[in-house]
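A short worksheet on the structure shown next.
The values are calculated or read from the model by the stated rules, or taken from the named source; none is laboratory data. From a predicted model like this one, the values you see are computed outputs, not experimental measurements. Counting neighbours? That spans all protein chains shown, and the Cβs are built from the backbone with ideal geometry, glycine included.
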Amino acid sequence: MQQPALVVSDLSFSYPDKSDVLRDVSLEILPGERVGLIGPNGAGKTTLFLAICGVLKPNAGEIVLFGKPVTNGNFRPEIGMVFQNSDDQLFCPSTRDDVAFGPQNLGLSKEDVAARVTESLTTTGALELADRPPHHLSGGEKRMVSIAGVLAMRPRMVVYDEPNASLDIRSRRRLIRFLQTSHETFLIASHDLELVLEVCDRVVLMDEGRIVANGNPRETMCDAALMEAHGLEKPHSLIPHMEPHHGCA
């Protein structure tokens, strides 16, 4: 039997000024799965990600990552997180330095660090940006460099928090193509439901700190009543159109 990549069991969490941000959340993800996490603002998606990565300590429940319990403050290189705001991850003088930061802190040799930097920047199509200052990059370029920094750690699982936020159409499509060819297990939170349909095998719907649906993306998001009950809309591509849309033949 295949060991799950991630098992979240009966997880609950409250902030000092906000209770029940997560309420009895249970979730299992298998290696190689691409899971979309959807829900309205305040549903608990980012909090769940931070707990999975060991940044937040749950009030109750357990998180097991690749067979080992996750403990608060204990760094696990098997998992990496791409933050919603790329500027939260990019802080070095050059893109190359930023991507090298993680591997350097693993104690790798200069040769191994350089190899990982080249590999991850090539994978994300950002190698030509290696010597540019991060603050001179566009939003789409920053996003791919942020992903490269995570991939340089060679995680087995990646969590993406709104990775398409503030991206233009071209950068969004580039991100989608990258995610479609990604080899890592991933969990992606996004309000872009069309992106989730294109890249995910499964979708999990959260609202008010609970998981309210978990299943096939098309089947789940085709349920207009379910989506509307939790502050979302049925994706436009799933709405049948009897006539040419917007006057286009």
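For the reader, a short list of remarks on this structure follows.
- All positions within region 119-166 that are among the hydrophobic types (A, V, I, L, M, F, W, C), in contact with a Leu (Cβ under 8 Å, 6 or more places away or on another chain) and touching a residue at least 60 places away in the same chain (Cβ under 8 Å): 153, 157, 158, 159
- Residues in region 85-115 that are buried (at least 19 other Cβ atoms within 10 Å of the Cβ) and not in a helix (DSSP H, G or I): 89, 90.
- Region 170-194 - residue that is among the hydrophobic types (A, V, I, L, M, F, W, C) and touching a residue at least 40 places away in the same chain (Cβ under 8 Å) and, of those, nearest to residue 26 (Cα to Cα): 187
- Qualifying positions in region 116-153 - within 15 Å of the chain's Cα centre (by Cα) and not hydroxyl-bearing (Ser, Thr, Tyr): 143, 144, 145, 147, 148, 149, 150, 151
- Under the condition of being among the polar types (S, T, N, Q) and assigned to a strand (DSSP E or B), the residues counted in region 1-58 number 5.
- Whether a residue is surrounded by 18 or more Cβ atoms within 10 Å (Cβ to Cβ), touching a Phe, Trp or Tyr at 6+ places or on another chain (Cβ under 8 Å) and within 26 Å of residue 231 (Cβ to Cβ) was assessed, and residue 82 passes this test.
- Being under 27 Å from residue 7 (Cα atoms) and either in contact with a helix residue (DSSP H, G or I) (Cβ under 7 Å, 6 or more places away or on another chain) or of a type in the set (A, V, I, L, M) (or both) is a property that residue 64 has.
- Pairs are defined by a Cβ separation below 9 Å, a sequence spacing of at least 6 or placement on different chains, a first member in region 74-91 that is more than 18 Å from residue 48 (Cβ to Cβ) and assigned by TED's automatic domain parsing to the domain that holds residue 148, and a second member that is among the aromatic types (Phe, Trp, Tyr) and surrounded by 13 or more Cβ atoms within 10 Å (Cβ to Cβ); the pairs so defined are 89/83; 91/101.
- With a requirement of 1 or more residues that are under 30 Å from residue 122 (Cβ atoms) and aliphatic (A, V, I, L, M), the strands (runs of 3 or more DSSP E) lying completely within region 142-241 that satisfy it span 157-161, 185-189.
- Hits in region 10-29 - residues which are surrounded by 15 or more Cβ atoms within 10 Å (Cβ to Cβ) and on the phi < 0 side of the Ramachandran plot: 11, 12, 13, 14, 21, 22, 23, 25, 27, 29
- In region 120-141, residue surrounded by the most Cβ atoms within 10 Å (Cβ to Cβ) [restricted to those that are assigned to a helix (DSSP H, G or I) and β-branched (Val, Ile, Thr)]: 123
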